[in-house]
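The values are calculated or read from the model by the stated rules, or taken from the named source; none is laboratory data. As the structure is a prediction and not an experimental result, all values here were calculated from the model. Cβ placement follows ideal geometry from the backbone for every residue including glycine, while neighbour counts extend to all protein chains displayed. Heavy atoms of the whole protein, side chains included, go into the accessibility calculation; ligands, DNA and RNA do not. Shrake-Rupley method; radii C 1.70, N 1.55, O 1.52, S 1.80 Å.
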Amino acid sequence: MRFAFILTLIMTAAWLTLSGYFIPMILTFGVISIVIVVWMCARMRILDGETVPYLSLLPTLSYFVWLFAEIVKANVQVVKSVLSPDLEVSPTLVKIPLNSDVDIAETMFANSITLTPGTVSVDMQPDHILVHALLEDMSDPADFKEMGDRSAWAVGVKTKDS
């Protein structure tokens with residue numbers, strides 16, 4: 001019930017923000033749409049923390065701040081390597097172990113890897129992510145552990161080793 005209420009609030013705020021109209025007919029369509037979506041989610045039994053991840057909003061926002069700092073650091077590292085006279089690029093493929101069994105945590109982790117300059121998530125398997133790193137320095141699996149732990153924490157999921 002709590003997830004249905006939160007989903008209703010979020011969709012109402014999004015509807016009002018994006019439409020910008022407060023005409024009774026438009027508001028009626030909005031209410032009908034929101035009721036149908038919440039009813040369908042309840043009927044499919046997917047009203048849970050993964051479908052409505054808004055209960056972990058503060059950890060997620062703090063994760064994005066940390067991720068932004070990591071993106072800046074990686075950007076500087078890639079630019080230095082690419083602009084150096086020796087072109088110190090050393091492409092590497094590495095398997096990064098997954099430390100969560102929850103889809104949203106795994107997806108956030110893989111997307112965070114891809115957002116970081118110099119690394120791309122190439123393939124996901126049940127136990128690892130195959131990552132292409134532009135520089136060999138960026139391919140140490142231990143360096144990805146903190147990102148995996150933080151992405152799981154951001155969505156309120158416990159890691160395998162905790």
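A few points about this structure:
- Taken over segment 133-162, residues that are out of contact with any Phe, Trp or Tyr (no Cβ under 6 Å at 6 or more places or on another chain), hydrophobic (A, V, I, L, M, F, W, C) and under 30 Å from Val52 (Cβ atoms) amount to 6.
- Taking residues in segment 123-152 that are closer than 12 Å to Leu98 by Cα and polar (S, T, N, Q), and partners anywhere that are at pLDDT 90 or above and open to solvent by less than 20 Å² (accessible area, probe 1.4 Å), the pairs with Cβ atoms closer than 7 Å and at least 6 places apart or on different chains are Ser151/Tyr63; Ser151/Phe109; Ser151/Ser112.
- Taken together, the residues in segment 83-114 that are among the small types (Gly, Ala, Ser) and open to solvent by 30 Å² or more (accessible area, probe 1.4 Å) amount to 1.
- Residue in segment 6-26 that is most open to solvent (accessible area, probe 1.4 Å), counting only those that are in a helix (DSSP H, G or I) and among the hydroxyl-bearing types (Ser, Thr, Tyr): Thr17
- The set of residues in segment 27-45 being surrounded by 13 or more Cβ atoms within 10 Å (Cβ to Cβ) and over 15 Å from Ala4 (Cβ atoms) consists of Leu27, Phe29, Gly30.
- Candidates Ile96, Ile71 - the one that is in contact with a strand residue (DSSP E or B) (Cβ under 9 Å, 6 or more places away or on another chain) and at pLDDT 85 or above: Ile96
- Being surrounded by 14 or more Cβ atoms within 10 Å (Cβ to Cβ) and of a type in the set (Phe, Trp, Tyr) is a description that applies to Tyr63.
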